[in-house]
Structures are given as C-alpha cells and as structure tokens.
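This report refers to the structure that appears directly beneath it.
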Amino acid sequence: MKRIALVHDWLTVYAGAERLLEQLLRLYPEADLYAVCDFLPEAERGFLGGRKPETTFIQHLPGARRHYRRYLPLMPLAVEQFDLSAYDLVISSSHAVAKGVLTGPDQVHVSYVHSPIRYAWDLQHQYLRESGLDRGVKGWLARYLLHRLRLWDVRTANGVDRFVANSRFIARRIHKTYRREAEVVYPPVDVARFAFQADKDAYYLTASRLVPYKGINLIVEAFARMPDKRLLVAGDGPERAKIERLAAGRPNIELRGHVPSEELAGLMARARAFVFAAEEDFGIAPVEAQACGTPVIAYGRGGALETVCGLDAEAPTGVFFDAQTPQAIIAAVGRFEREGAVIRPEDCRRNAERFSTQRFREAFTRVVASLETAS
C-alpha cells in the first residue's frame, strides 16, 4: 500500500490554506499529517478528522502559541527534521517552509504553493515597514535573516517534483522565484454552501480580516465620501480601531465586527455588490460572493483577474478598479451603478462554480496521477 505524507506550514486558524488542507485530507484519508506547529483552537479542529499532526521543536519554544512567526528563521531547520523517508508520496501545502521537507530520489514530492514566502521576496520591504524593522540594528538583522531564507527557499525548490499553483498569478511568481513551471489548480471553494439570491438590497458589503494589506481602510474612506451609499464592513483584526475612527460620524457605514459564517453568507447574498481592495494570490471571498449571485467590485490585480469577469467580458460578473485609492473605488462604484445592469446574478453563480470543491478534487487528482504514471 502506498504511503502518503501531507505537510502543512502551521496550524493556527481555519482559513484559506486550511480549507485546501481539508480537501487533501479527504482525498487521502490514509495520509499522515505534519506541521511546524499546531495551535488550532479546539472549536476549529473538526476538519482534521481527529488527526493529531506531527510537529517540530517550534511547538515547544517559549511564547510560540502567540508569536510563532517570530521563530520563522528557525523554521527551515525545523521542517528539515521531519523523517519522511518511509513515504512514497509527499504533498506539501506551502506558503512558507513546508515545501522544504527532505525527500529522496524514489519519492514523489508535489508542492501546492499558495505563494512563495511573501515577506522574503517581493513583499519584503512592505513587511519590514509594517513590522517596524525598516531601520536600525534590528532592521539589518531582519534583512540578513530574510536573505538567508531566500537562499534556502531557492535551494529547496530542487526537491520538488511538481509545483502546483493556486492561480496563474502565483504560477508567474513561482517562475520568477524558482525558474520552475507550475500547473494551476484553483483552490476549493464550498460554492454549495452559498445560497443563490437574485433579489438584492441597497447596501454594499466588504468582509475581511482587518489587516493593512486588505485595504479595508481605503473602502471605508471611499464610502465616507459617498454618504448616499450604504456600506457594511464584516471582520475584525488589528486595524479595527483605525477603521472605526475613519467611520466615526458616518451613518452610511456600519462596522459589524466578526460575523459568523452563516450570517456572513446571508449578508453576501443580499448585497448589491461585494467590494474587494486587496491584491490577493487567489482570494476566496469574491468567489463566495459570486456564488450568491452577487457582483464584485475588485482591485484589478492578482487573483481577482482570474476569478472575476470584468464588464468587457461576454458574461460579466464585476467591475475592476486600477489603483488602491479611495478615488479609484469611488469611480468603480459609479461605473457599477451606471453600467452594472449587464451583470446577471446567474452569470455570477455560474462563474463561481468553476472553483468548486469538486473541480479542485478532480484537477489535483489528475496532477498526482500523471506524476505517478510518469514515474
């Protein structure tokens, strides 16, 4: 019987990468699971199906539960300590270090890459600024450690037999970083969980963790200048206080905080449009909105260009804006209100179904089967 190992970066929250891991666990129920550390809350562990992952020494370091990312310089060493020599097939789900596990010449290693390590490559300068590490001795130390991490990251790409990217955008990033081709298999979106609704209310919706790169502040600033348009903001995070200040005194902007998934699906279904300002590798939320039959107003870079069909498409599902500024968002909302009648809820739903869980399972299984046949 073929032995399979699944390697994940770290388990701390049930988010996009964990949804993909959930499907891999269902595809390969006999597989053993490995992760750098596992601090998943008990309420979010259901998708593991009772599995207890093998972890590394990072799990036991001081303060790791809350500050595991501070141990990033040690994670390459940690992930190399997994002894995977007994496995025939190794599948890594990687946005940081999981792809760096050690495998032998008779093993097949398929790496599903959500992104090469963002904060070590093209987003390094943004990461250093946001972390307050763009100056001083600590800044130079951080730069040196990221330099070493890049060298390790490129070297370990040679241990991967097949790269799989979650979008064409990430496939280009993989080629730029590792000079390797990647097959695109879009991540699974549970489209069936979202009820289709053709009739819409008058409000706009954005939903995200409130962190800087998501651009929620830009959306709020834009709607603060459009007092006749109602905006609901769902989500929580470190930027919440800043966004509350921006929305203060604006009766057309309502901050809902954390919204349970079922309630959020209902808000998506009734929204006039979903507004999305981040440059994401893929971006699940715009697909979920379209699954409800809701159009998307999105920043026209990254994965959104692959998941949303602009007004010039045969069956449009949204409107793009070309700059991460309040002015660009205001212009896009105006264009949506002038020209958005051509967007049909049925086309939004049909487009979202391209990214269903079943499509993912079929496509990923084909990739693995083609490798096994070749070997």
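Look at region 151-169: where a residue is without any contact (Cβ under 8 Å) to a residue 60 or more places away in the chain and outside any helix (DSSP H, G or I) and a partner is surrounded by 22 or more Cβ atoms within 10 Å (Cβ to Cβ) and among the small types (G, A, S), sitting 6+ places away or on another chain with Cβ atoms under 8 Å, you get F163/S111; F163/A182; A165/A182.
Selection of region 179-212 for residues being crowded, with 18+ Cβ neighbours inside 10 Å and among the hydroxyl-bearing types (S, T, Y) yields Y186, Y204, T206, S208.
Residues that are surrounded by 14 or more Cβ atoms within 10 Å (Cβ to Cβ) and among the acidic types (D, E) were ranked within region 49-90; the one that is farthest from the chain's Cα centre (by Cα) is D88.
Filtering region 105-121 to residues that are among the aromatic types (F, W, Y) and in contact with a strand residue (DSSP E or B) (Cβ under 9 Å, 6 or more places away or on another chain) leaves only Y112.
Considering region 251-261, and only residues there that are crowded, with 17+ Cβ neighbours inside 10 Å and at pLDDT 95 or above, the residue that is nearest to F194 (Cα to Cα) turns out to be L255. Sort out for me the strands (runs of 3 or more DSSP E) sitting completely within region 234-331 that have 3 or more residues that are more than 30 Å from A171 (Cβ to Cβ) and in the same structural domain as T206 (by TED's automatic domain parsing). Answer list for region 234-331: 253-257. Filtering region 144-161 to residues that are exposed (fewer than 15 other Cβ atoms within 10 Å of the Cβ) and of a type in the set (D, E, K, R) leaves R148, R155. One residue stands out among those in region 228-240 that are in contact with a Leu (Cβ under 9 Å, 6 or more places away or on another chain) and at pLDDT 95 or above: the one that is surrounded by the fewest Cβ atoms within 10 Å (Cβ to Cβ), which is L232.
Of the residues making up region 179-227, those that are among the small types (G, A, S) and either outside any loop (DSSP other than H, G, I, E, B) or within 24 Å of L123 (Cα to Cα) (or both) are A182, A192, A207, S208, G215, A222, A224.
With the condition kept exactly as written, say whether any residue in region 349-360 is over 19 Å from the mean Cα position of the chain (by Cα) and of a type in the set (A, V, I, L, M, F, W, C). For region 349-360, residues over 19 Å from the mean Cα position of the chain (by Cα) and of a type in the set (A, V, I, L, M, F, W, C): absent.
Restricting region 199-223 to residues that are among the small types (G, A, S) and over 22 Å from the mean Cα position of the chain (by Cα) leaves a set whose member that is farthest from L255 (Cα to Cα) is A202. Whether a residue is surrounded by 19 or more Cβ atoms within 10 Å (Cβ to Cβ) and under 17 Å from the mean Cα position of the chain (by Cα) was assessed, and V319 does not pass this test. For first residues located in region 82-95 and without any contact (Cβ under 8 Å) to a residue 60 or more places away in the chain and closer than 17 Å to D106 by Cα, partners that are surrounded by fewer than 24 Cβ atoms within 10 Å (Cβ to Cβ) and of a type outside the set (F, W, Y) and lie 6+ apart or on another chain with Cβ distances below 9 Å form the pairs D83/L102; S85/L102; S85/T103; S85/G104; S85/Q107.
Residue-by-condition table, conditions (1) over 21 Å from A120 (Cβ atoms); (2) in contact with a strand residue (DSSP E or B) (Cβ under 6 Å, 6 or more places away or on another chain); (3) buried (at least 18 other Cβ atoms within 10 Å of the Cβ); (4) in the same structural domain as R361 (by TED's automatic domain parsing):
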{"residue": "E30", "(1), (2), (3), (4)": "yes, no, no, yes"}
{"residue": "L33", "(1), (2), (3), (4)": "yes, yes, yes, yes"}
{"residue": "C37", "(1), (2), (3), (4)": "no, no, yes, yes"}
{"residue": "F47", "(1), (2), (3), (4)": "yes, no, no, yes"}
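In the set K138, K176, only one residue is over 27 Å from R19 (Cα atoms), in a helix (DSSP H, G or I) and more than 17 Å from the chain's Cα centre (by Cα); that residue is K138.
Screening A341, A352, A369 for residues that are of a type in the set (A, V, I, L, M, F, W, C), in contact (Cβ under 8 Å) with a residue 60 or more places away in the chain and assigned to a helix (DSSP H, G or I) leaves exactly one candidate, A352.
The values are calculated or read from the model by the stated rules, or taken from the named source; none is laboratory data. None of the values given here were measured: they were computed from a predicted structure. Note that we place each Cβ from the backbone using ideal geometry, even for glycine, and neighbour counts take in every protein chain shown.
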